[in-house]
Amino acid sequence: MNRRRVLRLSGATLTSTLTTGCLGEFRTNPGERTSPTEAANVQKIPEYEATHHSIVPDVRELERLTHKATNAARREHSRSPLSYDSELADIARLHSRDMAVRDFYAHENPDGESHHQRLPMYGYNSDVVYELITATESISAGIRIENIAENAVDSWLDSPAHRDALLREHNTEEGIGVYVTAEPRIYWTAELSKYDVDRQTPTQ
């Protein structure tokens, strides 16, 4: 089930969507390791030059501030903070870029791949992964980057489905990938995971 909500917050219009109940059951059972054949098929995380805009001069800083806002929300609701996983962020960033470049807005890309396929494709296997995405439709000049990050997290918290995923106690780590276009339009992808992974490739 997809839920979509459009929010106008502090000069930014955010469209948010979450595939509810999307659990990344990548292994038949939690103790099963990735096979040598599966490991051989793992792809390296490709590198690319992120776009920038004067409103967001530092994309990585916006990712960091979005993670900070996520943990601030979790603390407010007596949840443990999430650690930050750079590999999850690299994979999330690829999806944000893909949405921008191929002009779609969904968890599933035009090739029919969801995060269930993307994460293990790059060597990240977990029994539980939630994916959240959001994007700005427009953004006002002069808005502080901290407010942009907080607005993205607020858009997730405003929806019961997003809120449930963001505040789940069993989630232990997060990766956030942001891509900014020239308009500017900002795309976020957040991957939240229970820490039960078998990494096959190093982070780029």
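Going by what's in this entry, would GLU87 be described as modelled with pLDDT under 90 and either crowded, with 24+ Cβ neighbours inside 10 Å or touching a Phe, Trp or Tyr at 6+ places or on another chain (Cβ under 7 Å) (or both)?
For GLU87, the condition - modelled with pLDDT under 90 and either crowded, with 24+ Cβ neighbours inside 10 Å or touching a Phe, Trp or Tyr at 6+ places or on another chain (Cβ under 7 Å) (or both) - is met.
Where in the stretch 125-204 are the strands (runs of 3 or more DSSP E), entirely inside, with at least 1 residues that are at pLDDT below 85 and open to solvent by less than 30 Å² (accessible area, probe 1.4 Å)?
129-139
Mind listing just one residue for me: the one in the stretch 90-114 that is free of Cβ contacts under 8 Å to residues at least 12 places away in the same chain and open to solvent by less than 50 Å² (accessible area, probe 1.4 Å) and, of those, farthest from the chain's Cα centre (by Cα)? Spell out the reasoning first.
Keep residues of the stretch 90-114 that are free of Cβ contacts under 8 Å to residues at least 12 places away in the same chain, which gives 98, 101-104, 108, 110-113.
Keeping just the survivors that are open to solvent by less than 50 Å² (accessible area, probe 1.4 Å) gives 98, 104, 112.
Details: ASP98: 13, PHE104: 16, GLY112: 18 Å.
The extreme case among them is GLY112.
Among the residues of the stretch 64-83, which ones are in a helix (DSSP H, G or I), open to solvent by 20 Å² or more (accessible area, probe 1.4 Å) and out of contact with any Phe, Trp or Tyr (no Cβ under 9 Å at 6 or more places or on another chain)?
Passing the criteria: LYS68, ALA72, ARG75, GLU76.
The values are calculated or read from the model by the stated rules, or taken from the named source; none is laboratory data. Note that this is a predicted model, so its numbers are computed, not measured. Cβ: placed from backbone, ideal geometry, glycine included. Neighbour counts: every protein chain shown. Keep in mind that these areas ignore ligands, DNA and RNA; they rest on the heavy atoms of the full protein, side chains included. Shrake-Rupley method; radii C 1.70, N 1.55, O 1.52, S 1.80 Å.
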